[in-house]
Amino acid sequence: MQHYTKEFKYNIRLSVPVIMGLLGHTLVQLADNIMVGQLGTAELAAVSLGNSFVFVAMSLGIGFSTAITPLVAEADGAGNKANAKGALKHGLVLCTILGLSLFGIIWLCKPLMYHMKQPVEVVELAMPYLDLVALSLVPLVIFQAFKQFSEGLSQTRYPMYATIIANVINIVINYLLIFGSFGFPKLGIVGAAIGTLVARCLMVVYIWFLLKNKQKFQEYVTGFNFRKIEKKVMNKIISLGFPSALQMFFEVGIFTAAIWLSGVLGKNAQAANQIALNLSSMTFMFGMGLGVAAMIRVGNQKGLGNFVELRRIAKSIFFLTLLLEIVFALLFLLGRNWFPSLYLDLDSELNSTDNMEVLLLAGQLMLVAAFFQISDGIQVVVLGALRGLQDVKIPTFITFIAYWLIGFPICYYLGLYTDLKSMGIWIGLLAGLTASAIMLYIRFNYLTQKLIENGAT
């Protein structure tokens, strides 16, 4: 046991800034949802519907950018600064192109909302919100390139600083513009979208300024010659980034499908789904942070060629994640009826019937969410370790099978054709996450054993 637990301290130190940064994003979403929830269940459902489009696109952008981290981590482990800078430069070019492309695709796909059997009032509210949040993907994906680079050098604090500052600004703008406080115009959910856009632009400016003024980063982030683009490096990032983007797309896609299926069941089912999903995404950030730690440390050991240590360190992170997710599962079980009440104005007489139905439904979903905490955490951390090994193609097939051949059919059937309804949708999510966790771990175990047997140290 001590063979693994002795790594806990360093793993926690490496992952905490990542977790704090990721949690900052989620806390802003929590604040958004709580503030928007005061406006009514239709507004909350509209934010959920609009974000469902953005989350799918965002998953592609964030997933693609993760290719930068293992390349930088491997170069750092081997002491090759030129390769690390090259990964950042080419990553910035590709992420900028991708961010603009994702914005264009969402803008073209907006009319699909009218054909998805969603409540009309929800669609009308979601349209202007979606325009601005989709535009915010451009600075977000550019920020991700800097973030993944910094994390590849095991410097996880700086993206956290940028995220925290931007999130504070986001919450302030939201408060001023959603409710029209202190003489500002009352813009409702459009105010929340403006806050998101401004905050994400500031994130890019701040992290570049921060890295440029740190001596240890200066040579990496200045003096770029964007006219000299190397096809080999571009192809390497694309070969790692595209499958990684698909992995995240398949996972986010099934959660997006859950939002749409919930919308078919009605606005209250969709609002309850949004509450349970928002709470689950907060705990998921801990798994994601540990997954980044796994990617960095596995990438470093790959650069050193020490696969025995690589396997031991990765397993220590898996074990730490398991313990943490069990704690979260217990919290969800104990607080399943209290947590959802934070999102609703229970004193509102106008929305009292809707609010009580949402509260009941969300409490039921929290029961299932408690159990999938464990599967969700394990699958994301093992996926991080596999990315550190630069093994992305087979895991892409695994995630597709788990989420779309196992999870989605269960979501669809139990949600729309049984009395389980919303709870049935979440049982399907649990099945997909569990299948993913098991198959990804089998893949990691097989790969590392093979590397060790082939004569690696």
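The values are calculated or read from the model by the stated rules, or taken from the named source; none is laboratory data. It should be emphasised that the depicted structure is a prediction, and the values quoted were computed from it without experimental measurement. All Cβ positions, even for glycine, are placed from backbone atoms using ideal geometry, and neighbour counts span all protein chains on display. Quick note on the areas: whole protein, heavy atoms, side chains included, nothing else; ligands and nucleic acids left out. Shrake-Rupley method; radii C 1.70, N 1.55, O 1.52, S 1.80 Å.
Any residue that is of a type outside the set (A, V, I, L, M), in contact with a Gly (Cβ under 6 Å, 6 or more places away or on another chain) and modelled with pLDDT of 80 or more - is there at least one of those in the range 226-244? Checked against the condition, which is being of a type outside the set (A, V, I, L, M), in contact with a Gly (Cβ under 6 Å, 6 or more places away or on another chain) and modelled with pLDDT of 80 or more, the range 226-244 yields at least one hit. With respect to the conditions (1) open to solvent by 20 Å² or more (accessible area, probe 1.4 Å); (2) part of a helix (DSSP H, G or I); (3) within 21 Å of Ser59 (Cβ to Cβ), Val382 lacks only one, and its number is (1). List every residue pair whose Cβ atoms lie under 9 Å apart, where the two residues are 6 or more positions apart in sequence or sit on different chains, the first residue falls within the range 44-71 and is in contact (Cβ under 8 Å) with a residue 12 or more places away in the chain and buried (at least 24 other Cβ atoms within 10 Å of the Cβ), and the second residue, located anywhere, is basic (Lys, Arg) and in a loop (DSSP other than H, G, I, E, B). Sorted first by the residue in the range 44-71, then by its partner, the list stays empty.
Would you check if there is a residue in the range 361-384 being under 23 Å from the mean Cα position of the chain (by Cα), over 22 Å from Ile19 (Cβ atoms) and hydroxyl-bearing (Ser, Thr, Tyr)? The answer is no, given that none of the residues of the range 361-384 is under 23 Å from the mean Cα position of the chain (by Cα), over 22 Å from Ile19 (Cβ atoms) and hydroxyl-bearing (Ser, Thr, Tyr). Set side by side, the residues Phe408, Phe397 differ, and just one is closer than 12 Å to Leu261 by Cβ and among the hydrophobic types (A, V, I, L, M, F, W, C), which is Phe408.
Filter the range 415-430 for residues that are touching a residue at least 40 places away in the same chain (Cβ under 8 Å), open to solvent by 30 Å² or more (accessible area, probe 1.4 Å) and not in a loop (DSSP other than H, G, I, E, B) and give the result. Residues satisfying the conditions are Leu416, Met423, Ile427, Leu430. Would a scan of the range 260-270 turn up a residue that is within 19 Å of the chain's Cα centre (by Cα), modelled with pLDDT under 90 and open to solvent by 10 Å² or more (accessible area, probe 1.4 Å)? For the range 260-270, residues within 19 Å of the chain's Cα centre (by Cα), modelled with pLDDT under 90 and open to solvent by 10 Å² or more (accessible area, probe 1.4 Å): present.
Residues that are in contact (Cβ under 8 Å) with a residue 60 or more places away in the chain, more than 30 Å from Lys267 (Cα to Cα), touching a Phe, Trp or Tyr at 6+ places or on another chain (Cβ under 8 Å) and not aliphatic (A, V, I, L, M) do occur in the range 296-307.
In the range 308-337, which residues are modelled with pLDDT of 90 or more and either closer than 21 Å to Glu453 by Cα or among the basic types (Lys, Arg) (or both)? Matches in the range 308-337: Val308, Glu309, Leu310, Arg311, Arg312, Ile313, Ala314, Lys315, Ser316. Being open to solvent by 40 Å² or more (accessible area, probe 1.4 Å) and either at pLDDT 95 or above or not in a helix (DSSP H, G or I) (or both) holds for only one residue in Leu440, Leu405, Leu433, and it is Leu405. Screening Tyr412 on (1) under 17 Å from Ile438 (Cα atoms); (2) assigned to a helix (DSSP H, G or I); (3) in contact (Cβ under 8 Å) with a residue 12 or more places away in the chain shows it passes everything except condition (1). Out of curiosity, is Ala329 surrounded by fewer than 20 Cβ atoms within 10 Å (Cβ to Cβ) and not charged (D, E, K, R)? Answer is yes for this residue.
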